[in-house]
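Report on one structure; see the data block that follows.
The values are calculated or read from the model by the stated rules, or taken from the named source; none is laboratory data. Note that the structure is predicted; figures quoted are calculated from it, not measured. Reconstructed Cβ throughout: ideal geometry from the backbone, glycine too, with neighbour counts over all protein chains shown. All accessible areas refer to the heavy atoms of the entire protein, side chains included, with ligands and DNA or RNA removed. Shrake-Rupley method; radii C 1.70, N 1.55, O 1.52, S 1.80 Å.
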Amino acid sequence: MERKRMLTIAVLTAATASVLAGCATGGTTAAGDGADGPRGAGDDVVGSGSCIDHIAATTPAERSDLATLVVDAEVTDTDRTVEVGGVYEVRRARVTGVEKGDSPGRTIDVISPSDQCTTSGQPVEYLEGDPLAQDGTFRLYLHRSSDDDVWQLVVPGAAEPITATSTPAAG
C-alpha cells in the first residue's frame, strides 16, 4: 500500500512539474544573450510564468454574464503599460454608452488579456494580435483587473467593433 502511495505522489509531482515547465518554455528571447529566438539556457528571463485557460465566452450574452461592466467606447492607444502577470499595453476608452453596470466615468483605462502564456516582467503576446491594438469604437465586456486602476476584457477578444452602420447585438 505504501509503495502505491509513493508511486502516486511521484506521478503527480512529475505531472505538475511538466505543466509548470510548459509555461516557462517557448517564446522569444527578451534578455540574456541578446538573440531574438527561442529561449535557451543562457537567457536571463526573470519572472514567473502563468498560463490561463479562459472560459469560452463567444456570444454577447455569455460575455455579458461574465462582465461587471459593458460599455460602448472609443478606444485609443496610450504610452502607458501595466504589469498584471505580464506587461500589457494600456488603452484609453472614452465611454459613449453603458449597457451594464454603474457608469465608470467619462474615460477608463483598459487592457486586453493575452490568449497565450505570460511571464511577469515580459511583454505579453497574442496568437492573433491584440483586438484593441487599432483605434476604434467597440463594445467592451469588462471586469476590474488586479490593478484597480485598469479594467480588463473578461476573456481574450471580448471587444466587438462598432461601425457607423452596425452595433453589437444586445447581451
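Take the Cα of Glu83, go 7 Å toward its beta carbon, and the backbone nitrogen atoms of segment 134-156 under 19 Å from that spot belong to 145-151.
Counted over segment 81-171 with a bin width of 5 Å, the fraction of Cα pairs per bin, in whole percents, is 3, 13, 25, 26, 18, 10, 4, 1, 0.
Backbone N atoms of segment 80-111 closer than 16 Å to the 7 Å Cα→Cβ label point of Ser120 belong to residues 82-88. Here Thr118 sits with roughly 10 square angstrom of accessible surface, probe radius 1.4 Å.
Once all protein chains are placed together, Leu127 keeps about 130 Å² accessible to a 1.4 angstrom probe. For the pair Thr76 and Ala133, the difference between a 0.36 nm per residue extended length and the Cα-Cα distance amounts to 19.7 nm. Remark: spin-label model distance Ser103-Thr59 equals 3.1 nm, labels positioned 7 Å along the Cα→Cβ axis.
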